[in-house]
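Worksheet: one structure, shown below.
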Amino acid sequence: MRKILLGLLAVCALALTAPAQSGTVLLNAAGATFPAPIYSKWFDVYHTAHPNVQINYQAIGSGAGIRQVQAGTVDFGASDGPMTDDQLAQAKVKVLHFPTVLGAVVPTYNIPGVTASLNFTQKALAGIYLGEITKWNDPEIAKANPGVKLPSDDIVVVHRSDGSGTSYIWTDFLSKASDEWKNKVGKATSVNWPVGLGGKGNEGVSGLVKQTPDAIGYIELIYALQNNIDYGSVQNAAGKFLKADLAGVTAAAAAAAKEMPDDFRVSITNAPGAAAYPVSSFTWLLIPAKIDDAAKRDAIKAFLKWMMADGQNYNEGLSYAKLPKPVVAKEMKQIALVQ
Amino acid sequence: MKRLHIIWRKSLNVVMLSLTGVAAFGVVSILFLILGYFIYDGGRSLNWAFFTQLPKPTGEVGGGMANAIIGSFKLLLLAALFGLPVGLMAGVYLAEFGGKTFAYVIRYTVDLLNGVPSIVIGIFAYALAVQPVKHFSTLAGGFALAIMVVPITVRATEEFLRAIPNSLREGAMALGASKWKTIASVILPAASGGILTGMLLSLARVAGETAPLLFTALGNQYWSPGWSQPTSALPLMIYEYAISAYDDLHRQAWAAGLVLLGMVLLANLGCRLVMNRRGVRGV
Amino acid sequence: MDGAVPPQAGPRSFVHRLRDGDEVAHVVTLIFASLILLVTSLLVFILWEKSQLSRAQFGWSFFWTSVWDPVFSHFGALPFIYGTLVTSVVSLAIAVPLGLAAAIFLAELAPRTLSDYIAFLIDLLAAVPSVIYGLFGIFIVVPMMRTTIGPALKHTLGFLPIFKGPNYGVGFLTAGIVLSIMIVPFIISVSREVLLTVPREQREAAMGLGATRWEATWKVVVPWARTGIMGSVFLALARALGETMAVTMVIGNDPKIAASLFAPGYTIAAVIANEFTEATGDLYLSALIELGLVLFLMTFILNGLARLLILATERGGGHTS
């Protein structure tokens, strides 16, 4: 009996300690939840095509992605808010930003009895998130939605509880929409929210909004679509109300494509143009400029090249916009900088 | 007047005593309620895929938690490997060798460690096992859990060793056995039932811990080969899926919850039954 | 025979004694026991050292600042201390009466076998992992709070400031309720054991003087076990303070101080769990670790008090849980 047990234990030990097959490259990445659906799709597809490369991506938030890249505890990170100069300075290695997809952040809401798609002015969104507009039938909201019967219920504001690039994009937009927001709260992956409940990840926010009547939250477009949550139209810089879609996001990126800075850190919220969706953003992979492990380096570079070519074909299926061609061309050159 | 007073006291008596009964059964019903929900919701969602497949990409329906089950198993193995021997040896020290002051200090420290919130243990494990080597790993997670296994094991070992009557020790020594031989071949085997149940209980407790794993094991979509890669674990998956917005993931969270709950309850049930049969009081 | 050494005159050197199996065993077990001491000291040291930046920056004001602002690097612990205390107090307010009543039933009224079985089942409740309670909380308690409990409370007690304001389902009260379910087993388990140690003569004397069963219990037995019961309450409180997963799933994660129990809040453990992996900036991380240190201190003090109280009732030695 003892012998059998010992034998079993030995077999278990062997099985569990079996190292990965030689030649397998394991990459650990962490960061944004905003692009998590497309990234998990990409890493899955890439792994099927290249079984010896396995990329484990944990969507723990852009803030965490930046932090873990700074600390060097992951092979690369992902964030929807570009790293600030301070954050770059604190990283142990130089970090390169690689835009991957374009996405939109939409205001989603769950108002009992309201099935129409609502229009939100910039002032309305800023006011709601500042806690100054507290009821759904507030004139600022009502005037943009003639013909819709809005209840006099209190608005339940939902934001992110974790450090998030989606929050960065949203607060970036609000900072441009409202000076009061800019001075009082500012833009960052994690801010001191004047009001609201915190949900963890895009999943957490969409979950809270879905379950809480009279709630409003901001999430990535794909989460709204996948969960059948109503989302509203946002007024852009030209004054038009646009419901987020691929065309709107691509239009927002068009201007940026021409003047893309070398480090790719650019904000395209509130972009000019009648067709531009105002809460659009690039999202970036944060790749260390210096990777010591040759196998990992090659795997990452190969993935990046794949991502910019074949990978982009999956974007639209998941409601992310493709990268503009000039941006891709510029990025290909940056790959060479990863050493 | 006196009659009224007596009637009042008598009725109060009946009312209060019945309330206590209500309270007791109320608490027990909550347990059955929780169990019931898990069996119902989790049972519906348990299928073969759950045990054999890897998680699907975000938003896609289906997939399973095979890697989380193995991950939990590996973490428990590490916790047992690192934590149980320390607990056992320390328990032996306290019961058989300890002097007055130092033993008191050790006991106090063990109690202290037992009371540390698991999130703080997570911070500690991150500082010691993740930061210096610059990556998250199964080892770091196992280390965190091992720390949590020690206090219960120490206590169980010490208590059950102490429960062995001195006559056994004296008898062995009278036959010429040295102290350590007495402990190893006579006392420990005699107390083994209780000690093993203590160990099993401590492992059952850490099996359900999530907080210490958040910054040590991190999580993994795939299989985690070896010991130095991040790994998935059942409690982590439950947490991640429960707060998500996808109904399919909720379904899987209930199933995982049922598996975890089942494991923990079975371990506890088993231990109690064994201990009751041996006529020893619970830990 | 192993270790048998012929008697010698004079003390033996350490190395000589080491050949003796007993000494080896003593040293080996001592090393393992010291390991525990080492690890615990290291834990405290690391908490202290890594919170250095934050302590230097904020000093004592950390405790009464209610701002938690990562953008402007302004950190204060007050909302989290508040949240931790409020949820714990609410959970105690629910669990102590419930737990004590159940313990009285089990110790005084129920036949011994039934009492043992029920105590056994309640101990099982104690073994349920925190994340399971969280899951139960999100899908069962939160909707119940939003649709049933909340409106009922507002209808009857809505004039009280603690029940004013919007009811989201998540919040202090929900977290308190989930916590109370988690800690009630500890109160019942320890209180029951302590009540069982009260000498039978006490009860009999009281009833001999004409007291009803209830009076005997409430006025004689329970006060006798008073310190032990308080110890169980402190133990439960310590557990409630450190509880992470269940709380973060149902509290709303908002670092605000609010009078209403329906409002969302935040606890120390929850904010560490949520923000630790993403704290960009050393000061931010240091502030979180300082919060961990605060929590550690709080639970340390409470656990210590609890043990003292429980031991005090248990005259005649022996350990309880």
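The values are calculated or read from the model by the stated rules, or taken from the named source; none is laboratory data. On a predicted model such as this, the values are computed, not experimentally measured, just so you know. We place every Cβ from the backbone using ideal geometry, glycine too, and count neighbours over all the protein chains shown. Remember, those area values only see protein heavy atoms, side chains included, never the ligands or the DNA or RNA. Shrake-Rupley method; radii C 1.70, N 1.55, O 1.52, S 1.80 Å.
Results for (1) away from chain C (no Cβ under 11 Å); (2) at pLDDT 90 or above; (3) within 13 Å of the chain's Cα centre (by Cα); (4) surrounded by 24 or more Cβ atoms within 10 Å (Cβ to Cβ), shown as yes or no for each residue.
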site: A:Pro51; (1), (2), (3), (4): yes, yes, no, no
site: A:Asp80; (1), (2), (3), (4): yes, no, yes, yes
site: A:Ala91; (1), (2), (3), (4): no, no, no, no
site: A:Leu96; (1), (2), (3), (4): yes, yes, no, no
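Could you list all residues from the range A:162-178 that are touching a Ser or Thr at 6+ places or on another chain (Cβ under 8 Å) and surrounded by 23 or more Cβ atoms within 10 Å (Cβ to Cβ)?
Restricting attention to the range A:162-178, the residues satisfying the condition of being touching a Ser or Thr at 6+ places or on another chain (Cβ under 8 Å) are A:162-169, A:172-173, A:176.
Within the range A:162-178, A:Asp162, A:Gly163, A:Ser164, A:Gly165, A:Thr166, A:Ser167, A:Tyr168, A:Ile169, A:Asp172, A:Phe173 qualify.
Take the range B:233-267 and flag every residue that is more than 9 Å from every other protein chain (Cβ to nearest Cβ) and within 24 Å of B:Ala127 (Cβ to Cβ).
B:Ala233 - this is the single residue of the range B:233-267 that is more than 9 Å from every other protein chain (Cβ to nearest Cβ) and within 24 Å of B:Ala127 (Cβ to Cβ).
If A:Ala336 satisfies all but one of (1) of a type in the set (A, V, I, L, M, F, W, C); (2) at pLDDT 90 or above; (3) farther than 27 Å from A:Ile219 by Cα, what's the number of the condition it fails?
Unmet for A:Ala336, out of (1) of a type in the set (A, V, I, L, M, F, W, C); (2) at pLDDT 90 or above; (3) farther than 27 Å from A:Ile219 by Cα: (2).
Which numbered condition trips up A:Ala299, out of (1) outside any strand (DSSP E or B); (2) touching a residue at least 40 places away in the same chain (Cβ under 8 Å); (3) in contact with a helix residue (DSSP H, G or I) (Cβ under 9 Å, 6 or more places away or on another chain)?
The single condition A:Ala299 does not satisfy is (3).
Does the range B:93-105 hold any residues that are touching a Leu at 6+ places or on another chain (Cβ under 8 Å), crowded, with 20+ Cβ neighbours inside 10 Å and modelled with pLDDT under 90, and which are they?
Within the range B:93-105, B:Ala95, B:Glu96, B:Phe97 meet the criteria.
Each row is one residue, and each column tells you yes or no for (1) without any contact (Cβ under 8 Å) to a residue 12 or more places away in the chain; (2) hydrophobic (A, V, I, L, M, F, W, C); (3) touching an Asp or Glu at 6+ places or on another chain (Cβ under 6 Å).
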| position | (1), (2), (3) |
| --- | --- |
| B:Leu31 | yes, yes, no |
| B:Ile39 | no, yes, no |
| B:Thr52 | no, no, no |
| B:Lys56 | yes, no, no |
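Tally time: how many residues in the range A:188-197 are open to solvent by 10 Å² or more (accessible area, probe 1.4 Å), touching a residue at least 40 places away in the same chain (Cβ under 8 Å) and at the interface with chain C (Cβ under 9 Å from one of its Cβ atoms)?
6
Checking the conditions here, which among B:Ile195, B:Ile243 is under 30 Å from B:Arg169 (Cα atoms), hydrophobic (A, V, I, L, M, F, W, C) and either at pLDDT below 85 or in contact with a Gly (Cβ under 9 Å, 6 or more places away or on another chain) (or both)?
Going through B:Ile195, B:Ile243 in turn, just one is under 30 Å from B:Arg169 (Cα atoms), hydrophobic (A, V, I, L, M, F, W, C) and either at pLDDT below 85 or in contact with a Gly (Cβ under 9 Å, 6 or more places away or on another chain) (or both): B:Ile195.
Quick one: is B:Ala146 out of contact with any Phe, Trp or Tyr (no Cβ under 7 Å at 6 or more places or on another chain) and not β-branched (Val, Ile, Thr)? Spell out how you get there, then give the answer.
Working: out of contact with any Phe, Trp or Tyr (no Cβ under 7 Å at 6 or more places or on another chain): no; not β-branched (Val, Ile, Thr): yes.
Judged against the criteria, B:Ala146 is not a match.
Given (1) touching a residue at least 60 places away in the same chain (Cβ under 8 Å); (2) in contact with a Ser or Thr (Cβ under 8 Å, 6 or more places away or on another chain), identify the lone condition not met by B:Leu203.
If we test B:Leu203 against (1) touching a residue at least 60 places away in the same chain (Cβ under 8 Å); (2) in contact with a Ser or Thr (Cβ under 8 Å, 6 or more places away or on another chain), just (2) comes out false.
Return a yes/no flag: does the range A:224-237 have any residue that is open to solvent by 30 Å² or more (accessible area, probe 1.4 Å), of a type in the set (D, E, K, R), touching a residue at least 60 places away in the same chain (Cβ under 8 Å) and not in a loop (DSSP other than H, G, I, E, B).
No: zero hits.
Can you give me the number of residues within the range C:188-222 that are under 31 Å from the mean Cα position of the chain (by Cα) and either of a type in the set (A, V, I, L, M, F, W, C) or crowded, with 22+ Cβ neighbours inside 10 Å (or both)?
Count: 17.
Tell me, please, whether a residue that is modelled with pLDDT of 90 or more, within 14 Å of chain B (Cβ to nearest Cβ) and under 28 Å from B:Ile238 (Cα atoms) can be found in the range C:153-173.
Checked the range C:153-173: no residue is modelled with pLDDT of 90 or more, within 14 Å of chain B (Cβ to nearest Cβ) and under 28 Å from B:Ile238 (Cα atoms).
For the range C:83-106, how many residues are among the small types (Gly, Ala, Ser) and open to solvent by 30 Å² or more (accessible area, probe 1.4 Å)? Explain how you work it out, then say what you get.
Here is the first cut: in the range C:83-106, the ones among the small types (Gly, Ala, Ser) are C:83, C:88, C:91, C:93, C:95, C:99, C:101-103.
With the extra rule that they be open to solvent by 30 Å² or more (accessible area, probe 1.4 Å), the set shrinks to C:93.
Residues meeting the conditions: 1.
Could you list, in sequence order, all residues of the range B:117-136 that are part of a loop (DSSP other than H, G, I, E, B) and crowded, with 24+ Cβ neighbours inside 10 Å?
Of everything in the range B:117-136, those that are part of a loop (DSSP other than H, G, I, E, B) and crowded, with 24+ Cβ neighbours inside 10 Å turn out to be B:Pro117, B:Phe136.
Would you mention how many residues in the range B:238-252 are in contact with a strand residue (DSSP E or B) (Cβ under 8 Å, 6 or more places away or on another chain) and open to solvent by less than 10 Å² (accessible area, probe 1.4 Å)?
Here the count works out to 1.
Quick one: would you say C:Leu109 is surrounded by fewer than 18 Cβ atoms within 10 Å (Cβ to Cβ) and either aliphatic (A, V, I, L, M) or at the interface with another protein chain (Cβ under 7 Å from one of its Cβ atoms) (or both)? Lay out the reasoning, then the answer.
Details: surrounded by fewer than 18 Cβ atoms within 10 Å (Cβ to Cβ): yes; either aliphatic (A, V, I, L, M) or at the interface with another protein chain (Cβ under 7 Å from one of its Cβ atoms) (or both): yes.
For C:Leu109, the condition - surrounded by fewer than 18 Cβ atoms within 10 Å (Cβ to Cβ) and either aliphatic (A, V, I, L, M) or at the interface with another protein chain (Cβ under 7 Å from one of its Cβ atoms) (or both) - is met.
Show the residue pairs meeting these rules: Cβ distance below 6 Å; 6+ apart or different chains; first residue within the range C:265-294 and under 21 Å from C:Val250 (Cα atoms) and at the interface with another protein chain (Cβ under 8 Å from one of its Cβ atoms); second residue hydroxyl-bearing (Ser, Thr, Tyr) and not in a helix (DSSP H, G or I).
C:Ala269/C:Thr244; C:Ala273/C:Thr244; C:Asn274/A:Ser161
May I ask you to list the residues in the range C:242-262 that are surrounded by fewer than 24 Cβ atoms within 10 Å (Cβ to Cβ) and either within 10 Å of chain B (Cβ to nearest Cβ) or of a type in the set (A, V, I, L, M) (or both)?
C:Ile257, C:Ala258, C:Ala259
Residue under question is A:Ala253, and the condition is that it be away from chain C (no Cβ under 14 Å), farther than 23 Å from C:Arg146 by Cβ and open to solvent by less than 50 Å² (accessible area, probe 1.4 Å); does it hold?
On the way: away from chain C (no Cβ under 14 Å): yes; farther than 23 Å from C:Arg146 by Cβ: yes; open to solvent by less than 50 Å² (accessible area, probe 1.4 Å): yes.
Yes: the conditions hold for A:Ala253.
Looking at the structure I just gave you, is C:Leu295 part of a helix (DSSP H, G or I) and of a type in the set (A, V, I, L, M)?
Spelling it out, C:Leu295 is indeed part of a helix (DSSP H, G or I) and of a type in the set (A, V, I, L, M).
A:Thr121 - would you say it is at pLDDT below 90, among the hydroxyl-bearing types (Ser, Thr, Tyr) and surrounded by fewer than 24 Cβ atoms within 10 Å (Cβ to Cβ)?
no
Every residue in the range A:155-201 that is assigned to a loop (DSSP other than H, G, I, E, B) and among the aliphatic types (A, V, I, L, M), please. Show your work before the answer.
So the first thing to find is which residues in the range A:155-201 are assigned to a loop (DSSP other than H, G, I, E, B), and the list is A:155, A:161-164, A:178, A:185-196, A:200.
If the condition is that a residue be assigned to a loop (DSSP other than H, G, I, E, B) and among the aliphatic types (A, V, I, L, M), then A:Ile155, A:Val185, A:Ala188, A:Val191, A:Val195 are the ones that fit.
Which of the residues spanning the range B:60-90 are more than 18 Å from the chain's Cα centre (by Cα) and either open to solvent by less than 30 Å² (accessible area, probe 1.4 Å) or without any contact (Cβ under 8 Å) to a residue 12 or more places away in the chain (or both)?
B:Glu60, B:Gly62, B:Gly63, B:Gly64, B:Met65, B:Ala66, B:Asn67, B:Met89, B:Ala90
Scan the range B:197-209 and tell me whether some residue there is of a type outside the set (Phe, Trp, Tyr), within 20 Å of C:Val247 (Cβ to Cβ), in a loop (DSSP other than H, G, I, E, B) and open to solvent by 20 Å² or more (accessible area, probe 1.4 Å).
yes
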